[in-house]
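The values are calculated or read from the model by the stated rules, or taken from the named source; none is laboratory data. Treat the numbers as computed from the prediction; the structure is a model and nothing was measured. Ideal geometry is used to build each Cβ from the backbone, glycine not excepted, and the neighbour counts take in all protein chains shown. Remember, those area values only see protein heavy atoms, side chains included, never the ligands or the DNA or RNA. Shrake-Rupley method; radii C 1.70, N 1.55, O 1.52, S 1.80 Å.
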Amino acid sequence: MSSSEFGIRPFKFLVVPQLVWGLNNQKIAFARACLTARMLNRTLLMPSFSASLFYKEIELLQPISFDKVFEFEKFNALCSGFVRLGRYSDVLNRTRVFEMSKGSGRKWTFERDLLQLKEYSKGSYDDYEVIEILGKNPFLWHDHWPLKDYAKVFECLVLIDEIRNEVEKVVSRIREVGNTKSIELQKGRSSFQPLPYVAVHMRIEIDWMIHCKKLEQRLNTNQICSSKKEIVERVRNIVSDSKKTPTVIYLAVADKLLNNSSIMEEWGEGFLPYEKKKLGVEGIYKKYSYLIQSAIDYEVCLQANIFVGNSFSTFSSLVVLERTHKMIRMSVASMCGTDVRWPSYAYNVPSESNGAMRWITNMSESSLQTISYGTNHVSNCKGHI
């Protein structure tokens, strides 16, 4: 890496294309742009995220500035010396910009891409105050960095106060529902135990099922798609002691499933399923664009006592990455223990007891490939550090 002894240079800049697709694809694209800027020893000029899911029609992308979603100053403080964000007002000469075109297609190999980055980090190219990378979304760029570097960038992303307050309202409502039920069940007891909640990222909408069936055929596996019945059964099988203590289940589902009452059925005794509509928090979400709604749900899942997702979903994969990283930072002795805090599971990969398989991110991965595109190798009890 070419970052200087004293950190990233604040007077040399990199500009990247607008980030597109889902929230977590955009977070990956953002981290890759940050790491590219680090390799060039440049400050990344604050990129635009996309508030909507439209990406084929440029006018429908609804650009939204980084600092309308995440804390700008907090990011630079937490990532100090590793990567750095700048504002366009920091640029002295906006007319002197070198345009760098990323190659594409099969001939543009990993090695050629790396060679280009190294070349543009020195010599006459380095004399330019601003280098602007043209072309495709950074999510599609070649990946030259270990997973731990991405985790470091993600750790610096802190939602702005307004969005964090909305997250707190949703989490408080989930816990309020659980605690009300817990008080009813524990009347007469000297001590009160609040109910935990399980967040389930349930992917069963039609467009997802079409996509994952095709992916299963291409990869010759049957561990990507899961029916609603399979998800319910596997979640039930991982939650211990359910007959004695009810468990609140928060279903993080697409809006198109909110009017599908079947997702709330067949959970059985001891389980209290809720989605945003039944919780009475749908109004919180409706105030915001798709991107912010997704950011709220992501944090709700991140804070859950137990998280269960699909290992071929970028959303689920990033939640588990952050939960794994959190356990490492907290020096959790055994991430595979039965009573570990913040456990995560993949419902698309069945365990021996037909529960969901324990899911721990392998932090020694040399790239973000498995996070970006999915894997059914989720039980990394021997390779998590």
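Observations, loosely collected:
- Remark: region 9-156 carries 46 Å² of accessible area per residue (probe radius 1.4 Å; ligands, DNA and RNA excluded).
- Straight Cα distances below 17 angstrom link LYS152 to the aspartates and glutamates GLU71, GLU73, ASP143, GLU322, GLU365, with same-chain residues fewer than 8 positions distant left out.
- Working from Cα pairs under 8 Å separated by at least six residues, relative contact order for region 9-156 is 36 percent.
- When the chain is treated as a GNM with alpha-carbon contacts under 10 Å, the residue of ASN24, ASN259, ASN348 showing the greatest mean-square fluctuation is ASN259.
- With all projection directions averaged, the alpha carbon convex hull of region 213-300 covers 7.3 nm².
- In a DSSP loop and with at most 16 other Cβ atoms within 10 Å, the trypsin sites (Lys or Arg not before Pro) in region 307-358 are ARG341.
- Straightening the chain between LYS122 and ARG106 buys 3.1 nm, computed as 0.36 nm per residue apart minus the Cα-Cα spacing.
- Among GLN116, GLN18, GLN303: highest mean-square fluctuation, GNM of the chain, C-alpha pairs under 10 Å: GLN116
- Note on the chain: helix-only mean residue ellipticity at 222 nm, from DSSP H runs of 4+ residues weighted -39500 (n - 2.57) and normalised by residue number, equals -11000 deg cm²/dmol.
- Scanning residues 5 or more positions from PHE70 or on other chains, those with amide H under 5 Å from its amide H are ILE160, with H placed 1.01 Å from N in the peptide plane.
- Here the accessible area of region 161-358 is 47 percent carbon and sulfur, with a 1.4 angstrom probe and all protein chains present.
- For the chain, the Cβ-based charge dipole about the Cα centre amounts to some 340 debye (Lys, Arg positive; Asp, Glu negative; other atoms uncharged).
- Under the convention that each Lys and Arg Cβ holds +1 and each Asp and Glu Cβ holds -1, the size of the dipole of region 249-332 around its Cα centre is about 320 debye.
- The candidates HIS142, HIS201, HIS377, HIS211, arranged from most to least accessible area with a 1.4 Å probe in the full protein assembly, appear as HIS377, HIS211, HIS142, HIS201.
- At full extension, GLU205 and LEU53 could sit 53.1 nm farther apart than now, given 0.36 nm per residue minus the alpha carbon distance.
- Largest to smallest accessible area among GLU129, GLU73 [probe 1.4 Å]: GLU73, GLU129
- Loop-located GluC sites (Glu not before Pro) in region 320-371 (DSSP state other than H, G, I, E, B) with a sparse environment of at most 10 neighbouring Cβ atoms within 10 Å: GLU352.
- When the Gaussian network model of the chain links Cα atoms closer than 10 Å, the mean-square fluctuations of ALA31, ALA77, ALA51 top out at ALA77.
- Distance violations [Cα-Cα > 30 Å] among LYS27/LYS256; LYS74/LYS228; LYS107/LYS148: LYS74/LYS228
- TRP267/ARG329 FRET efficiency (R0 41 Å; Cβ-Cβ; nearest 0.05): 0.75
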